[in-house]
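To start, the structure itself, in structure tokens.
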Amino acid sequence: MTLENVTKEEWDKMFKEVIQTTEEELKTYMTLYTELITLRSNYRKDYKNNRITHQLDFDEGTITYKLGTKRRIGYKLKGQKK
């Protein structure tokens with residue numbers, strides 16, 4: 001690591017750039033975080049009532065799921081009324 005002596009103006013400019021870059025990254029990650037939390041919430045609701053097909057795209061880094069048939073809980077003998 002090499003350190004250079006710089007002027008206050010150069011230091012301030014670099015500091016401002018680092019702050020702006022960090023703020024942009026935080027906004028991006030907060031948006032991603034919100035989308036993931038929403039996906040998890042929707043998934044949990046869907047998982048209770050539906051059969052789920054889980055899907056991953058390793059090349060794109062995408063996680064998703066597809067709804068299948070409705071779940072039926074319980075058993076009904078033929079000819080019995082519910």
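Values quoted throughout were computed directly from the atomic coordinates according to the rules given, and no laboratory measurement underlies them. As the structure is a computational prediction, the values presented were derived from the model and not from experiment. Reconstructed Cβ throughout: ideal geometry from the backbone, glycine too, with neighbour counts over all protein chains shown.
Sum -39500 (n - 2.57) across every DSSP H segment of at least 4 residues in the chain, then divide by the residue count to get the 222 nm mean residue ellipticity, nearest 500. Before the final figure, lay out each step's value.
On the way: 1 runs with 42 residues, N = 82.
Dividing the helical sum by the residues of the chain leaves -19000 deg cm²/dmol.
Under 8 Å for C-alpha pairs, at least 6 residues apart: give me the relative contact order for the chain, rounded to a whole percent. Before the final figure, lay out each step's value.
Details: 35 pairs, mean separation 14.1, N = 82.
Relative CO of the chain lands at 17 percent.
What number results when the radius of gyration of region 8-70, computed over Cα atoms, is divided by 2.2 N^0.38 Å?
Relative to the 2.2 N^0.38 Å estimate, region 8-70 comes out at 1.84.
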Original post:
Taking GluC sites (Glu not before Pro) that fall in a DSSP loop and have at most 10 other Cβ atoms within 10 Å as cut points, what is the longest piece of the chain between them?
Top reply: 5-59
**OP:** Specify the residue with the greatest mean-square fluctuation among Lys48, Lys13, Lys27, computed from a Gaussian network of the chain linking alpha-carbon atoms under 10 Å apart.
**Re:** Lys13
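Ignoring chymotrypsin sites (Phe, Trp or Tyr not before Pro) that are buried or in helix or strand per DSSP, and keeping those with at most 10 other beta carbon atoms within 10 Å, what is the longest stretch of the chain between them? Walk me through the intermediate numbers first.
Numbers: sites that count: Phe58, Tyr75.
The answer is 1-57.
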**OP:** Rounded to the nearest Å, what's the spacing between the alpha carbon centres of region 9-45 and region 52-68? Just the number, please.
**Re:** 24
Subject >> Stretch gain in nm, segment Glu9-Asp46, where the contour uses 0.36 nm per residue and the Cα spacing is subtracted >> reply: 7.8 nm
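Please report Lys45, Lys8 as a ranked list, fewest other C-beta atoms within 10 angstrom at the top and most at the bottom. It would help to have the intermediate numbers written out before the result.
On the way: Lys45 10, Lys8 7.
Least to most surrounded, the residues fall as Lys8, Lys45.
Give me the extension gain from Glu60 to Lys78: residue separation times 0.36 nm, minus the current Cα-Cα distance, reported in nm with one decimal.
Contour length minus Cα-Cα distance gives 1.7 nm.
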